[in-house]
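Participant: This is the structure I want to talk about, given as C-alpha coordinates.
The values are calculated or read from the model by the stated rules, or taken from the named source; none is laboratory data. Only a predicted model underlies this, so the values are computations on that prediction, with no experimental measurement involved. Please note: Cβ atoms are built from the backbone with ideal geometry, for glycine as well, and neighbour counts cover all protein chains shown. Areas reflect the complete protein model, heavy atoms only, side chains present, ligands, DNA and RNA absent. Shrake-Rupley method; radii C 1.70, N 1.55, O 1.52, S 1.80 Å.
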Amino acid sequence: MHERERHRIILSAVQEKSVVTIQDISELTEASEATIRRDIAALHVQGRIRRVRGGAEAVHPPQLGNLAGRPFRVSESVNIDKKRAIARAAVELCEAGDAIIINGGTTTFQMVHYMAGHRMQVMTNSFAIAEHLVKHSKNSVTVPGGAIYREQSLILSPFDNDAIRNFYARRMFIGAQGVGPLGIMEADALIIQSEQKLMHQADELVVMVDSSKFSRRSSLILCALDRVSVVITDDGVSEEAARMIESAGIRLVVASPVAQAKEDSSSVA
(Lines give C-alpha, C1' and ligand atoms only; values in the text may rest on other atoms or scores of the structure.)
Protein backbone atom coordinates (compact mmCIF):
# COMPACT_ATOMS: atom_id res chain seq x y z
CA MET A 1 0.00 0.00 0.00
CA HIS A 2 1.31 3.45 -0.94
CA GLU A 3 2.42 5.84 1.80
CA ARG A 4 -0.29 8.36 0.91
CA GLU A 5 -3.01 5.71 1.32
CA ARG A 6 -1.56 4.59 4.66
CA HIS A 7 -1.58 8.20 5.88
CA ARG A 8 -5.23 8.59 4.82
CA ILE A 9 -6.19 5.48 6.76
CA ILE A 10 -4.32 6.61 9.87
CA LEU A 11 -5.94 10.05 9.80
CA SER A 12 -9.42 8.58 9.30
CA ALA A 13 -8.91 6.03 12.07
CA VAL A 14 -7.85 8.56 14.73
CA GLN A 15 -10.77 10.82 13.88
CA GLU A 16 -13.17 8.00 14.69
CA LYS A 17 -11.48 6.21 17.57
CA SER A 18 -9.51 9.09 19.13
CA VAL A 19 -6.55 6.79 19.89
CA VAL A 20 -5.35 3.95 17.65
CA THR A 21 -2.54 1.52 18.24
CA ILE A 22 0.34 0.70 15.93
CA GLN A 23 -0.94 -2.88 15.78
CA ASP A 24 -4.42 -1.72 14.70
CA ILE A 25 -3.01 0.33 11.81
CA SER A 26 -0.59 -2.43 10.85
CA GLU A 27 -3.53 -4.84 10.48
CA LEU A 28 -5.56 -2.31 8.52
CA THR A 29 -2.80 -1.49 6.05
CA GLU A 30 -0.95 -4.83 6.05
CA ALA A 31 2.26 -2.84 6.60
CA SER A 32 4.96 -3.63 9.16
CA GLU A 33 4.85 -1.99 12.57
CA ALA A 34 8.18 -0.29 11.78
CA THR A 35 6.60 1.31 8.70
CA ILE A 36 3.59 2.48 10.71
CA ARG A 37 5.87 4.02 13.36
CA ARG A 38 7.56 6.06 10.61
CA ASP A 39 4.17 7.10 9.20
CA ILE A 40 2.97 8.23 12.63
CA ALA A 41 6.20 10.13 13.23
CA ALA A 42 5.85 11.93 9.88
CA LEU A 43 2.21 12.89 10.54
CA HIS A 44 3.16 14.02 14.06
CA VAL A 45 5.83 16.35 12.66
CA GLN A 46 3.24 17.75 10.23
CA GLY A 47 0.94 18.47 13.18
CA ARG A 48 -1.86 16.28 11.80
CA ILE A 49 -1.86 13.76 14.71
CA ARG A 50 -0.15 13.37 18.07
CA ARG A 51 2.27 10.52 18.59
CA VAL A 52 1.65 8.63 21.84
CA ARG A 53 3.21 5.52 23.34
CA GLY A 54 2.24 2.58 21.18
CA GLY A 55 0.16 4.54 18.71
CA ALA A 56 -1.38 7.90 17.80
CA GLU A 57 -4.21 10.16 18.88
CA ALA A 58 -6.28 12.84 17.19
CA VAL A 59 -5.30 16.49 17.50
CA HIS A 60 -9.02 17.24 17.88
CA PRO A 61 -10.69 14.20 19.52
CA PRO A 62 -13.97 13.06 17.92
CA GLN A 63 -17.32 13.50 19.61
CA LEU A 64 -18.60 10.66 21.78
CA GLY A 65 -21.33 8.32 20.60
CA ASN A 66 -19.72 6.68 17.59
CA LEU A 67 -19.94 2.94 17.00
CA ALA A 68 -16.96 0.76 17.88
CA GLY A 69 -16.68 -0.64 14.35
CA ARG A 70 -14.21 0.77 11.88
CA PRO A 71 -15.43 3.63 9.69
CA PHE A 72 -16.63 2.53 6.26
CA ARG A 73 -14.14 4.74 4.42
CA VAL A 74 -11.23 3.35 6.49
CA SER A 75 -11.98 -0.31 5.76
CA GLU A 76 -13.31 0.01 2.21
CA SER A 77 -9.96 -0.29 0.42
CA VAL A 78 -8.39 -2.85 2.78
CA ASN A 79 -8.07 -6.32 1.15
CA ILE A 80 -10.24 -5.06 -1.70
CA ASP A 81 -9.22 -7.88 -4.08
CA LYS A 82 -10.24 -10.50 -1.52
CA LYS A 83 -13.50 -8.72 -0.76
CA ARG A 84 -14.43 -8.58 -4.46
CA ALA A 85 -13.79 -12.31 -4.91
CA ILE A 86 -15.81 -13.17 -1.79
CA ALA A 87 -18.66 -10.89 -2.88
CA ARG A 88 -18.92 -12.45 -6.31
CA ALA A 89 -19.09 -15.93 -4.76
CA ALA A 90 -21.85 -14.66 -2.47
CA VAL A 91 -23.95 -13.32 -5.34
CA GLU A 92 -23.52 -16.64 -7.17
CA LEU A 93 -25.51 -18.25 -4.34
CA CYS A 94 -28.51 -16.06 -5.24
CA GLU A 95 -31.24 -16.75 -7.78
CA ALA A 96 -33.70 -14.52 -9.59
CA GLY A 97 -36.61 -13.57 -7.37
CA ASP A 98 -34.81 -14.37 -4.12
CA ALA A 99 -35.50 -12.32 -1.02
CA ILE A 100 -32.21 -11.61 0.75
CA ILE A 101 -30.85 -9.50 3.59
CA ILE A 102 -27.46 -7.79 3.22
CA ASN A 103 -25.99 -6.46 6.42
CA GLY A 104 -23.87 -3.33 6.19
CA GLY A 105 -20.11 -3.70 5.80
CA THR A 106 -17.31 -3.17 3.32
CA THR A 107 -17.18 -6.82 2.24
CA THR A 108 -20.94 -7.12 1.80
CA PHE A 109 -20.95 -3.78 -0.04
CA GLN A 110 -18.87 -5.34 -2.82
CA MET A 111 -21.85 -7.55 -3.68
CA VAL A 112 -23.54 -4.58 -5.37
CA HIS A 113 -21.07 -4.71 -8.27
CA TYR A 114 -22.38 -8.16 -9.26
CA MET A 115 -26.08 -7.51 -8.69
CA ALA A 116 -26.82 -5.11 -11.54
CA GLY A 117 -28.45 -7.81 -13.69
CA HIS A 118 -30.46 -9.36 -10.86
CA ARG A 119 -34.07 -8.82 -9.85
CA MET A 120 -34.26 -9.67 -6.17
CA GLN A 121 -35.96 -8.32 -3.09
CA VAL A 122 -33.25 -6.88 -0.90
CA MET A 123 -33.42 -5.61 2.64
CA THR A 124 -30.29 -3.84 3.88
CA ASN A 125 -29.36 -1.68 6.84
CA SER A 126 -26.53 -0.17 4.80
CA PHE A 127 -27.13 3.29 3.42
CA ALA A 128 -24.31 2.77 0.89
CA ILE A 129 -25.67 -0.55 -0.36
CA ALA A 130 -29.23 0.76 -0.66
CA GLU A 131 -28.12 3.88 -2.53
CA HIS A 132 -26.01 1.91 -5.03
CA LEU A 133 -28.69 -0.69 -5.74
CA VAL A 134 -31.37 1.95 -6.24
CA LYS A 135 -29.18 3.82 -8.74
CA HIS A 136 -27.54 0.93 -10.56
CA SER A 137 -29.83 -2.12 -10.46
CA LYS A 138 -33.42 -3.27 -10.81
CA ASN A 139 -33.53 -5.02 -7.45
CA SER A 140 -36.26 -3.85 -5.08
CA VAL A 141 -34.75 -2.34 -1.95
CA THR A 142 -36.14 -2.10 1.59
CA VAL A 143 -34.40 -0.36 4.49
CA PRO A 144 -35.35 -0.46 8.18
CA GLY A 145 -36.17 2.72 10.03
CA GLY A 146 -33.63 4.21 12.38
CA ALA A 147 -30.72 6.57 12.76
CA ILE A 148 -28.01 6.79 10.09
CA TYR A 149 -24.48 6.30 11.40
CA ARG A 150 -22.55 8.16 8.73
CA GLU A 151 -19.08 6.78 9.36
CA GLN A 152 -20.18 3.13 9.21
CA SER A 153 -22.89 3.89 6.61
CA LEU A 154 -25.39 1.94 8.76
CA ILE A 155 -29.06 2.45 9.61
CA LEU A 156 -29.68 1.19 13.14
CA SER A 157 -32.69 1.31 15.42
CA PRO A 158 -33.26 0.11 19.00
CA PHE A 159 -37.00 -0.19 18.36
CA ASP A 160 -39.00 -3.23 17.22
CA ASN A 161 -41.34 -1.44 14.79
CA ASP A 162 -38.69 -0.76 12.15
CA ALA A 163 -40.01 -2.92 9.22
CA ILE A 164 -37.52 -5.73 9.85
CA ARG A 165 -40.07 -8.12 11.33
CA ASN A 166 -42.22 -7.84 8.19
CA PHE A 167 -39.48 -9.04 5.83
CA TYR A 168 -38.68 -12.73 5.26
CA ALA A 169 -35.47 -13.75 3.49
CA ARG A 170 -34.00 -16.95 2.15
CA ARG A 171 -30.48 -15.84 3.11
CA MET A 172 -28.76 -13.14 5.11
CA PHE A 173 -25.24 -12.04 4.18
CA ILE A 174 -22.96 -10.57 6.85
CA GLY A 175 -19.32 -9.71 7.46
CA ALA A 176 -17.64 -10.02 10.86
CA GLN A 177 -14.83 -8.67 13.02
CA GLY A 178 -13.59 -12.19 13.67
CA VAL A 179 -14.43 -15.89 13.42
CA GLY A 180 -13.37 -18.47 16.00
CA PRO A 181 -14.44 -21.69 17.74
CA LEU A 182 -16.87 -19.75 19.95
CA GLY A 183 -18.63 -18.20 16.97
CA ILE A 184 -18.95 -15.03 14.90
CA MET A 185 -17.60 -11.90 16.59
CA GLU A 186 -18.47 -8.21 16.34
CA ALA A 187 -17.13 -5.07 18.00
CA ASP A 188 -20.24 -3.13 19.01
CA ALA A 189 -23.31 -4.10 21.04
CA LEU A 190 -25.68 -1.93 18.96
CA ILE A 191 -24.45 -3.56 15.74
CA ILE A 192 -25.01 -6.99 17.28
CA GLN A 193 -28.53 -6.02 18.35
CA SER A 194 -29.36 -4.96 14.79
CA GLU A 195 -27.78 -8.04 13.20
CA GLN A 196 -29.57 -10.44 15.54
CA LYS A 197 -32.94 -8.88 14.68
CA LEU A 198 -32.18 -9.32 10.99
CA MET A 199 -30.96 -12.90 11.50
CA HIS A 200 -34.37 -13.91 12.89
CA GLN A 201 -35.88 -13.06 9.49
CA ALA A 202 -33.64 -15.33 7.39
CA ASP A 203 -33.46 -19.11 6.92
CA GLU A 204 -29.73 -19.21 6.22
CA LEU A 205 -26.82 -17.13 7.46
CA VAL A 206 -23.90 -16.57 5.06
CA VAL A 207 -20.73 -15.15 6.63
CA MET A 208 -18.36 -13.29 4.30
CA VAL A 209 -14.87 -12.84 5.76
CA ASP A 210 -11.37 -12.56 4.34
CA SER A 211 -8.86 -15.07 5.71
CA SER A 212 -7.32 -12.59 8.18
CA LYS A 213 -10.56 -12.61 10.21
CA PHE A 214 -9.86 -16.15 11.48
CA SER A 215 -6.96 -14.84 13.55
CA ARG A 216 -8.83 -11.83 14.97
CA ARG A 217 -10.86 -11.76 18.14
CA SER A 218 -13.43 -9.46 19.70
CA SER A 219 -15.05 -9.34 23.13
CA LEU A 220 -18.58 -9.71 21.74
CA ILE A 221 -20.14 -12.83 20.19
CA LEU A 222 -22.86 -12.32 17.59
CA CYS A 223 -23.82 -16.00 17.30
CA ALA A 224 -22.45 -19.52 17.65
CA LEU A 225 -21.12 -21.38 14.62
CA ASP A 226 -24.17 -23.66 14.55
CA ARG A 227 -26.29 -20.72 13.35
CA VAL A 228 -24.10 -20.32 10.23
CA SER A 229 -24.93 -22.13 6.99
CA VAL A 230 -22.10 -20.94 4.73
CA VAL A 231 -18.74 -19.23 5.21
CA ILE A 232 -17.16 -17.56 2.16
CA THR A 233 -13.48 -16.63 2.41
CA ASP A 234 -10.40 -16.27 0.19
CA ASP A 235 -7.75 -18.83 -0.71
CA GLY A 236 -5.43 -17.56 2.02
CA VAL A 237 -7.49 -19.44 4.62
CA SER A 238 -5.36 -21.74 6.79
CA GLU A 239 -5.94 -25.49 6.98
CA GLU A 240 -6.70 -25.11 10.69
CA ALA A 241 -9.41 -22.52 10.04
CA ALA A 242 -10.89 -24.58 7.21
CA ARG A 243 -11.07 -27.65 9.47
CA MET A 244 -12.77 -25.60 12.19
CA ILE A 245 -15.48 -24.46 9.77
CA GLU A 246 -16.04 -27.83 8.16
CA SER A 247 -16.05 -29.72 11.48
CA ALA A 248 -18.86 -27.40 12.60
CA GLY A 249 -20.96 -28.67 9.68
CA ILE A 250 -20.70 -25.40 7.77
CA ARG A 251 -20.30 -25.24 4.02
CA LEU A 252 -16.98 -23.55 3.19
CA VAL A 253 -16.66 -21.63 -0.09
CA VAL A 254 -13.15 -20.50 -1.03
CA ALA A 255 -12.85 -17.68 -3.58
CA SER A 256 -9.68 -16.83 -5.52
CA PRO A 257 -8.80 -13.11 -5.72
CA VAL A 258 -6.42 -13.78 -8.65
CA ALA A 259 -9.08 -15.55 -10.69
CA GLN A 260 -11.58 -12.85 -9.79
CA ALA A 261 -9.22 -10.07 -10.93
CA LYS A 262 -8.77 -11.82 -14.29
CA GLU A 263 -12.53 -12.14 -14.75
CA ASP A 264 -13.09 -8.50 -13.85
CA SER A 265 -10.41 -7.29 -16.28
CA SER A 266 -11.74 -9.46 -19.11
CA SER A 267 -15.30 -8.21 -18.57
CA VAL A 268 -14.08 -4.60 -18.74
CA ALA A 269 -12.16 -5.31 -21.94
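Participant: If you put +1 on each Lys and Arg Cβ and -1 on each Asp and Glu Cβ, how big is the dipole of the stretch 170-223 around its Cα centre, in Debye rounded to 20? Don't jump to the answer; show the numbers that get you there.
Facilitator: Working: 6 positive and 6 negative charges, 15 e Å.
In total the dipole reaches around 60 debye.
Participant: Once label points are set 7 Å from the Cα along Cα→Cβ at both Glu5 and Asp226, what is their separation, rounded to one decimal in nm?
Facilitator: The answer from the label model is 4.2 nm.
Participant: I would also like to ask the following. Which residue, chosen from Ala202, Leu190, Tyr149, occupies the Cα position most advanced towards the positive end of the dipole of the stretch 90-228, where the dipole is computed from +1 (Lys, Arg) and -1 (Asp, Glu) charges on Cβ about the Cα centre?
Facilitator: So the residue furthest toward the plus end is Tyr149.
Participant: Another one. Once the piece of chain linking Ser219 and Asn166 is laid out straight, how much longer is it, given 0.36 nm per residue of separation minus the C-alpha distance between them? Numbers along the way, then the final one.
Facilitator: Values: separation 53, 0.36 × 53 = 19.08 nm, distance 3.10 nm.
Length gained between Ser219 and Asn166: 16.0 nm.
Participant: Related question: With each pseudo-label sitting 7 Å past Cα toward Cβ, what's the Asp235-Asp81 distance in nm, one decimal?
Facilitator: My value for the distance between the label points is 1.1 nm.
Participant: Also: Roughly how many percent of the accessible protein surface of the stretch 97-209 is carbon and sulfur, given a 1.4 Å probe and a whole-percent answer? Intermediate results must be reported in sequence, preceding the final value.
Facilitator: Details: 2350 of 4560 Å².
Roughly 52 percent, rounded to a whole number.
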